[in-house]
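As structure tokens, the structure follows; a few thoughts come after it.
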Amino acid sequence: MAPSKLNLKIFQGSTFAEVLRWESSTKIYIPITGITKAAPVVITAPTHGIPVNWRTRVTNVVGMKEINSTDYYVVTAVTSNSVTLNDVNALAYTAYTSGGVLEYNQPVDLAGYTARMQIREKITSTTVIKELTTDNGGILIDNATKTITIFMSATDTAALTFKSAVYSLELVTAGTVIPFVYGSVSLETEITR
């Protein structure tokens, strides 16, 4: 797997939390049985399995064709049989009549994974500016929500002094190291302190 590139911006003296999600290449298609003509829209799709804040696409709906999309929506609330899309105002849409599917990439099961990340001034630097791991609380893995969160307290970010740096985050399971995400890090100097 090739790592994704994501540039980070840290505000000195502020709590930093960047939530990441790992989508597999496996597509899941869940039949839709109902859509509310409401804001936000609620879609009924029994036993859908989509976590909150996961991306989903709505396709092949009959009647309420305005909701069909090639873009993804973010699921903002779930029950076992429905999802809410807060970004969709369906009040002026035509009524749902039938059909359609929720399409999403299956989340990767994060059970048994740990993670580690280092921030350095440059790729070739031997000095580590900050190391974050699942052991030191700098990276939080939540298999229930399928999230990987990079976390630094306000005290941690207040101690940072670089202007720009680079980082990479690796996931580790059963002795296998997977490069997950990398990029640059910029530090915005604290004004209110």
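The values are calculated or read from the model by the stated rules, or taken from the named source; none is laboratory data. As the structure is a prediction and not an experimental result, all values here were calculated from the model. Every residue, glycine as well, gets a Cβ built from its backbone with ideal geometry; the counts of neighbours run over all protein chains shown. Side chains are part of the model used for accessible areas, which takes the heavy atoms of the whole protein and leaves out ligands, DNA and RNA. Shrake-Rupley method; radii C 1.70, N 1.55, O 1.52, S 1.80 Å.
Here are some notes:
- Across the stretch 149-186, the number of residues qualifying as outside any strand (DSSP E or B) and either among the β-branched types (Val, Ile, Thr) or buried (at least 19 other Cβ atoms within 10 Å of the Cβ) (or both) comes to 4.
- Within the stretch 7-27, the residues that satisfy the criterion of being buried (at least 16 other Cβ atoms within 10 Å of the Cβ) and part of a loop (DSSP other than H, G, I, E, B) are Gln12, Gly13, Trp22.
- Condition broken by Ala2, with the remaining ones in (1) under 25 Å from Val61 (Cβ atoms); (2) open to solvent by 50 Å² or more (accessible area, probe 1.4 Å) satisfied: (1)
- For the stretch 45-64, a tally of residues being assigned to a strand (DSSP E or B), open to solvent by 50 Å² or more (accessible area, probe 1.4 Å) and either more than 15 Å from Thr145 (Cβ to Cβ) or touching a Pro at 6+ places or on another chain (Cβ under 6 Å) (or both) returns 2.
- Residue count for the stretch 119-148 satisfying the condition of being open to solvent by 20 Å² or more (accessible area, probe 1.4 Å) and under 26 Å from Pro51 (Cα atoms): 11.
- Within the stretch 28-44, the set of residues being part of a strand (DSSP E or B) and without any contact (Cβ under 8 Å) to a residue 40 or more places away in the chain comprises just one member, Thr44.
- Long-range neighbours under 6 Å by Cβ, at least six apart or interchain, first residue under 24 Å from Ala111 (Cα atoms) within the stretch 1-27, second open to solvent by 50 Å² or more (accessible area, probe 1.4 Å): Pro3/Pro179; Pro3/Tyr182; Ala17/Phe151; Ser24/Gln106; Thr26/Gln106
- The stretch 96-118 - residue that is under 24 Å from Lys27 (Cα atoms) and among the small types (Gly, Ala, Ser) and, of those, surrounded by the most Cβ atoms within 10 Å (Cβ to Cβ): Gly100
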